[in-house]
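*Asks:* Have a look at this one before I ask anything.
The values are calculated or read from the model by the stated rules, or taken from the named source; none is laboratory data. Every value quoted in this text rests on a predicted model; they were computed, and no experiment measured them. As a convention, Cβ positions derive from the backbone with ideal geometry for all residues, glycine included, and neighbour counts pool all protein chains shown.
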Amino acid sequence: MNRLSPCPIFALALLALAPLPAAPTIERTADQIRVTLDSRAELRFALEGDLFLGLQRAAIAGRPLKSDATCQWPMIDNDVGPEPSVAFAYRLRSAEIRDGKAVLTLDMETTTSKTALRRLYLFGPDREAALADPDEPLRKAIAANDRATSQIQAAVKTDPRMLAAAQKATDARTAADAAPEADRKRLRRSADEAERERAKLEKELPALLAGEQPAIAEALAQQTAYETELNRRGLEIGKIHRDAHRFPIVRLPSEAITPGSLEELAALPSSEPRRPGGTVEWIVESDSETIGGWPWKGWRHQFRVTAAPGQKFNYVRMLGTWEIGGNAAGLGVVNFRYRGLGPIAHTFGGDATSGVTESWTTTETLPGAVQKAPMISPVLPNFTAVTDRGYGLQHRAGSWIARLPRGGGVNFIDFQHRPDTLFAGFPVRQGNLRAVTEAFTGDRQLSQTDEEIFPVGGELSTTPFRYLALAVEEPFPPHEIRTRWGEIDGFVRDEVSRELGFVQYEPEPAQGFIVDNGWLGWMQSLTQRLDAYAELGIRNIGSHNPGWINGRYQGPDGPPRTGGGVCLVYDWIPTKDVEAAWRQMADKMRAHGMSYYVWFGTYNWADAPFVRSVGTGDEFWSVKYDGVTVDDGGGAVAPHNYLHPRTRSMVTERLDFTRTRFGFTGLWIDSFQSTGLHRFTRDGRHAPQQRATWEWLAEWSRKGVGLQAESMAFPGQSVSIEVDYRDPAQWWYLRNTTLWFRGRPFPDAGTDQADFMHYRMMAVKCQPTTQEPGPP
């Protein structure tokens, strides 16, 4: 395992010799505050009287970086609990220079009004509230639906086809229960299949009966009418629409954060609830950096929130749009992330009047999210462009994770370009940071939502965020833009690693394995093949699962099975029957200079010895965002709480034991964005686990243990399972990436495929990897 070389010393010398920046200047007029920075950045904040509307114009060397049609606007809110509250208006108190920085101090007003909430959040129907408080049309629909349901159930129950299927399932179960031991397993499988057939028929039969009996067709129509009325009433009441992990989905910034929309939001009727929210300081300072010899110029900003007595918040978001030239048409964007709409690198079609011609977003979509739509990955070889705006927005509303963690699902750096201007935005360190970048067919702006999540409290200070642009007179050709991207990616990666104390490791030619059973045989077979792999130049082996005691197999003398599957680990130690084979395999890998990355998940099966040894108290384990749902197992899964010293130390001790006794040199995490970086302490009101998880992984990196994660792990190594390495528009951006070929054979040395991958892909530090199946 090779560490990356440190930054050149001459770069540090340049920083030491750089002159101190001059203080910014502030000019205030009736409709704006103009902040001019010595980095050639000019920022204009819009006003309507004392109503502060946000950052409306930003330019570097006279080149606009955003549209005047939108603002960058802070959204400060508390969505935990039964009555969410949000800041809906900011009043300018002062604009001053303080310690060489421009400081805008704002007084905020907050509200729990659904009128205001609907302007900022995507709302969906509250069906439970509608049933609890039905209006007259819904009451009639409920009564009709009850009658229709009883009618359909009776028809299904007495249908000869249903009677025959039910009898078949009953007979099959009776035969299986009475069968000799030798035949019981086979007959139980048959009984299970018969029951599945019965259940399938029960589901399909109403539609079949509707084609045969007009009365049943009418009953189905009454059920449909009930659903329509329930959704109508539910939407009238309304509630914040949330993704599958319970994160709230905000409205599209290009629509919600225009000057006119913000003025309407602030004009909340006096009959609606409102109260003083406290103060916000928006702090701006000049920023510049020489990266790869090129002078990037811009600014950095930070928010400091002081809540009024009795007020508490847990989110600071930045909603707005960024688009070089003031329009998204023709804009190039780059974002290496997990799933979404559009490729890694994309240039929008369209024009300034009609907007872009296709949808592109960094949110995460899953099969079935949009009426059983097929998976649309950002980087599938057969990428299908989404040109229908409504269909694209359905993916937004149906996203699995609306805003992914920065560096853990979505790229840490936002990067866009035109031939003569490059623009990048990024935080100064890893943290509890999430983001989404998105544009949909017809949009003229590229929407950006950034957020930082906090424990619910009254004093919030955000992570500083840097905005840097590179403006040139001679347009860059495409290969130069890619090179500039690589330079800034490497620079930020090193800066983030330095602050975090994270040691980076070089990607290595790798062989990956999915092993769900038969670990002993797999290890013995792999040990015999290591000589051949070493001859091919393979230097990294990854395995999922490496042989942990798990819900599928506990090994001889292991703990009793209490449920779970192969990915639900009982303990971070191997089963006893593979101990010797693991040690022999690791010894041989070490002799060949190979790294061994073992699959690791940030959770354990709850009803198992390790969890009981840590403690079953709520304080030791974390939760999903809503603070109630532990996991999809209904409480059977115990996610690690790295903010609790006992949990953190005991997980560390367990892995240290396995590493010392048997051997591994890296951790491989799949679905990193949803298994490691979306957790919170137990009641949902304490700190997120995101930063704590990165600190824990950095601790391991300092011990010599690397990190690979699917599909984005900045500043660690990403493991991409979805990138087509042959697409020259994409592989330029696979920095520090191990590419899994999903069963394709590792190319022999000297072949065209190997030469292409090692010459082209090594040029951007991406290492080719194949994935071999485990034993049958």
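*Asks:* When the residues of segment 552-581 are filtered to those that are crowded, with 16+ Cβ neighbours inside 10 Å and free of Cβ contacts under 8 Å to residues at least 24 places away in the same chain, which remaining residue is farthest from Val598 (Cα to Cα)?
*Replies:* Residue satisfying both the conditions and the ranking: Gly558.
Table: residues versus (1) surrounded by 23 or more Cβ atoms within 10 Å (Cβ to Cβ); (2) at pLDDT 95 or above; (3) within 18 Å of the chain's Cα centre (by Cα).
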position	(1), (2), (3)
Phe662	yes, yes, no
Trp668	yes, no, yes
Asp683	no, no, no
Trp696	no, yes, no
Trp700	no, yes, no
Ser711	yes, no, yes
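*Asks:* Oh, and also: Do we have any residue at all in segment 541-551 that's without any contact (Cβ under 8 Å) to a residue 12 or more places away in the chain and either farther than 30 Å from Thr463 by Cα or buried (at least 19 other Cβ atoms within 10 Å of the Cβ) (or both)? Step through it out loud before you land on a result.
*Replies:* So in segment 541-551, the residues without any contact (Cβ under 8 Å) to a residue 12 or more places away in the chain come out as none.
No, there is no match, as no residue in segment 541-551 is without any contact (Cβ under 8 Å) to a residue 12 or more places away in the chain and either farther than 30 Å from Thr463 by Cα or buried (at least 19 other Cβ atoms within 10 Å of the Cβ) (or both).
*Asks:* Are there any helices (runs of 4 or more DSSP H) wholly within segment 103-191 with 2 or more residues that are loosely packed, with under 13 Cβ neighbours inside 10 Å, and if so which?
*Replies:* Numbers: elements: 114-120, 127-132, 136-158, 160-178.
Output list reads 127-132, 136-158, 160-178.
*Asks:* Then there is this: Can you name every residue in segment 30-58 that is modelled with pLDDT of 95 or more and among the charged types (D, E, K, R)?
*Replies:* Result: Asp31, Arg34, Glu42, Arg44, Glu48, Asp50, Arg57.
*Asks:* Same structure again: Examine segment 67-75 for a residue that is part of a strand (DSSP E or B), assigned by TED's automatic domain parsing to the domain that holds Ser288 and polar (S, T, N, Q), and state whether such a residue exists. Show your work before the answer.
*Replies:* Pass one, segment 67-75, residues part of a strand (DSSP E or B): 72-75.
Subset that is assigned by TED's automatic domain parsing to the domain that holds Ser288: 72-75.
Next, from what is left, pick out any that are polar (S, T, N, Q): 72.
Yes, the conditions are met somewhere in segment 67-75.
*Asks:* So which residues in segment 212-239 are modelled with pLDDT under 95 and of a type in the set (A, V, I, L, M), if there are any at all?
*Replies:* Listed by number, the list holds a single entry, Leu235.
*Asks:* Which one of the conditions (1) modelled with pLDDT of 95 or more; (2) surrounded by 17 or more Cβ atoms within 10 Å (Cβ to Cβ); (3) aliphatic (A, V, I, L, M) does Val515 fail to meet, given that it meets all the rest?
*Replies:* (1)
*Asks:* Oh, and also: Quick check on segment 653-677: of everything there that is part of a strand (DSSP E or B) and among the aliphatic types (A, V, I, L, M), which residue is nearest to Glu508 (Cα to Cα)?
*Replies:* From segment 653-677, those part of a strand (DSSP E or B) are 666-669; that's our starting set.
Next cut, among the aliphatic types (A, V, I, L, M) only: 667, 669.
Working: Leu667: 14, Ile669: 17 Å.
Going through the qualifying residues, I end up with Leu667.
*Asks:* Sticking with this one: Going through segment 467-480 one residue at a time, which ones are free of Cβ contacts under 8 Å to residues at least 24 places away in the same chain and touching a Lys or Arg at 6+ places or on another chain (Cβ under 9 Å)?
*Replies:* Scanning segment 467-480 gives no hits.
*Asks:* Since Val492 meets every condition but one in (1) crowded, with 22+ Cβ neighbours inside 10 Å; (2) assigned to a strand (DSSP E or B), which condition does it not meet?
*Replies:* The single condition Val492 does not satisfy is (2).
*Asks:* Identify the residue in segment 326-339 that is at pLDDT below 95 and either at positive phi or of a type in the set (A, V, I, L, M, F, W, C) (or both) and, among all such residues, is surrounded by the most Cβ atoms within 10 Å (Cβ to Cβ). Quick ask: steps written out before the conclusion?
*Replies:* Residues of segment 326-339 that are at pLDDT below 95, as a first pass: 334-339.
Within this subset, residues satisfying the condition of being either at positive phi or of a type in the set (A, V, I, L, M, F, W, C) (or both) are 334, 336.
Values: Val334: 22, Phe336: 26.
Here the residue is Phe336.
*Asks:* Name the strands (runs of 3 or more DSSP E) wholly inside segment 289-349 in which the number of residues that are assigned by TED's automatic domain parsing to the domain that holds Leu433 and among the basic types (Lys, Arg) is 2 or more. Steps first, please.
*Replies:* Details: elements: 294-307, 313-321, 332-334, 345-347.
It comes to 294-307.
*Asks:* Which ones in segment 396-453 are hydroxyl-bearing (Ser, Thr, Tyr), more than 23 Å from Pro478 (Cα to Cα) and touching a Ser or Thr at 6+ places or on another chain (Cβ under 7 Å)?
*Replies:* First, the residues of segment 396-453 that are hydroxyl-bearing (Ser, Thr, Tyr): 399, 421, 437, 441, 447, 449.
Filter again for more than 23 Å from Pro478 (Cα to Cα), leaving 399, 441, 447, 449.
Matches in segment 396-453: Ser399, Thr441, Ser447.
*Asks:* Can you give me the number of residues within segment 143-173 that are aliphatic (A, V, I, L, M) and under 19 Å from Glu195 (Cβ atoms)?
*Replies:* To start, the set of residues in segment 143-173 that are aliphatic (A, V, I, L, M) comprises 143-144, 148, 152, 154-156, 162-166, 169, 172.
Imposing the further condition that a residue be under 19 Å from Glu195 (Cβ atoms) reduces the set to 156, 162-166, 169, 172.
So the count comes out to 8.
*Asks:* Let me ask another. Kindly evaluate Leu120 against the criterion of being in the same structural domain as Gln213 (by TED's automatic domain parsing), modelled with pLDDT of 95 or more and closer than 30 Å to Val250 by Cβ.
*Replies:* Numbers: in the same structural domain as Gln213 (by TED's automatic domain parsing): no; modelled with pLDDT of 95 or more: yes; closer than 30 Å to Val250 by Cβ: yes.
So Leu120 does not fit the description; no.
*Asks:* I want to confirm something. Restricting to segment 104-133 and keeping residues that are out of contact with any Leu (no Cβ under 9 Å at 6 or more places or on another chain) and among the hydroxyl-bearing types (Ser, Thr, Tyr), which single residue is nearest to Leu235 (Cα to Cα)? First the steps, then the outcome.
*Replies:* Kept after step one, since they are out of contact with any Leu (no Cβ under 9 Å at 6 or more places or on another chain), are these residues of segment 104-133: 108, 110, 112, 114, 117-118, 121, 128-129, 132-133.
If we keep only those that are among the hydroxyl-bearing types (Ser, Thr, Tyr) too, we end up with 110, 112, 121.
Values: Thr110: 23, Thr112: 17, Tyr121: 13 Å.
Result: Tyr121.
*Asks:* Related question: Scan segment 250-278 residue by residue and report those that are assigned to a strand (DSSP E or B) and surrounded by 17 or more Cβ atoms within 10 Å (Cβ to Cβ).
*Replies:* If the condition is that a residue be assigned to a strand (DSSP E or B) and surrounded by 17 or more Cβ atoms within 10 Å (Cβ to Cβ), then Val250, Gly277, Gly278 are the ones that fit.
*Asks:* Only residues that are hydroxyl-bearing (Ser, Thr, Tyr) and within 14 Å of Leu262 (Cβ to Cβ): list them for segment 90-110, please.
*Replies:* From segment 90-110, those hydroxyl-bearing (Ser, Thr, Tyr) are 90, 94, 105, 110; that's our starting set.
Passing the criteria: only Tyr90.
*Asks:* Moving to a separate point now. How many of the residues in segment 596-618 are part of a strand (DSSP E or B), of a type in the set (S, T, N, Q) and either surrounded by fewer than 23 Cβ atoms within 10 Å (Cβ to Cβ) or not assigned by TED's automatic domain parsing to the domain that holds Trp696 (or both)? Let's see the steps before the verdict.
*Replies:* Filtering segment 596-618 for residues part of a strand (DSSP E or B) gives 596-599, 603-605.
Checking the rest, the ones that are also of a type in the set (S, T, N, Q) come to 604.
Then drop every residue that is not either surrounded by fewer than 23 Cβ atoms within 10 Å (Cβ to Cβ) or not assigned by TED's automatic domain parsing to the domain that holds Trp696 (or both), which leaves none.
Qualifying residue count for the region: 0.
*Asks:* Say whether the condition of being of a type in the set (A, V, I, L, M, F, W, C), within 24 Å of Trp548 (Cα to Cα) and at pLDDT 85 or above is met by at least one residue in segment 730-742. Spell out how you get there, then give the answer.
*Replies:* Taking segment 730-742 first, the residues of a type in the set (A, V, I, L, M, F, W, C) are 731-732, 734, 739-741.
Those still in the list that are within 24 Å of Trp548 (Cα to Cα) too: 740.
Next, from what is left, pick out any that are at pLDDT 85 or above: none.
Looking through segment 730-742, none of the residues is of a type in the set (A, V, I, L, M, F, W, C), within 24 Å of Trp548 (Cα to Cα) and at pLDDT 85 or above.
*Asks:* Moving to a separate point now. Picking from Ala69, Ala102, Ala95, Ala61, which residue would you name as being over 28 Å from the mean Cα position of the chain (by Cα), of a type outside the set (D, E, K, R) and at pLDDT below 95?
*Replies:* It is Ala61.
*Asks:* Shifting gears a bit: Any idea how many residues of segment 354-413 are among the aliphatic types (A, V, I, L, M), in contact with a helix residue (DSSP H, G or I) (Cβ under 9 Å, 6 or more places away or on another chain), within 30 Å of Ile453 (Cα to Cα) and modelled with pLDDT under 85?
*Replies:* Narrowing segment 354-413 to residues among the aliphatic types (A, V, I, L, M): 356, 366, 369-370, 373, 375-376, 379-380, 385-386, 393, 397, 401-402, 404, 410, 413.
Add one more test, that the residue is in contact with a helix residue (DSSP H, G or I) (Cβ under 9 Å, 6 or more places away or on another chain), and what stays is 369-370, 373, 376, 386, 401-402, 404, 410, 413.
Then drop every residue that is not within 30 Å of Ile453 (Cα to Cα), which leaves 369-370, 376, 401-402, 404, 410, 413.
The next check asks that each one be modelled with pLDDT under 85; those that pass are 369-370, 376.
Residues flagged as among the aliphatic types (A, V, I, L, M), in contact with a helix residue (DSSP H, G or I) (Cβ under 9 Å, 6 or more places away or on another chain), within 30 Å of Ile453 (Cα to Cα) and modelled with pLDDT under 85 within segment 354-413 amount to 3.
*Asks:* Is it the case that segment 527-537 has a residue that's among the aliphatic types (A, V, I, L, M), under 20 Å from Gly663 (Cβ atoms) and in contact with a strand residue (DSSP E or B) (Cβ under 6 Å, 6 or more places away or on another chain)? Outline the logic, then answer.
*Replies:* Of the residues in segment 527-537, the ones among the aliphatic types (A, V, I, L, M) are 530, 532, 534, 536.
Retained after the next criterion (residues that are under 20 Å from Gly663 (Cβ atoms)): 530, 534.
Okay, now just the ones that are also in contact with a strand residue (DSSP E or B) (Cβ under 6 Å, 6 or more places away or on another chain), so none.
No, because not a single residue in segment 527-537 is among the aliphatic types (A, V, I, L, M), under 20 Å from Gly663 (Cβ atoms) and in contact with a strand residue (DSSP E or B) (Cβ under 6 Å, 6 or more places away or on another chain).
*Asks:* Condition first: in contact with a Lys or Arg (Cβ under 7 Å, 6 or more places away or on another chain) and either in a loop (DSSP other than H, G, I, E, B) or crowded, with 21+ Cβ neighbours inside 10 Å (or both). Now tell me which residues in segment 454-466 satisfy that.
*Replies:* The first filter runs over segment 454-466 and keeps only residues in contact with a Lys or Arg (Cβ under 7 Å, 6 or more places away or on another chain), leaving 455-458, 461, 463-466.
The answer is Gly458, Thr463, Pro464.
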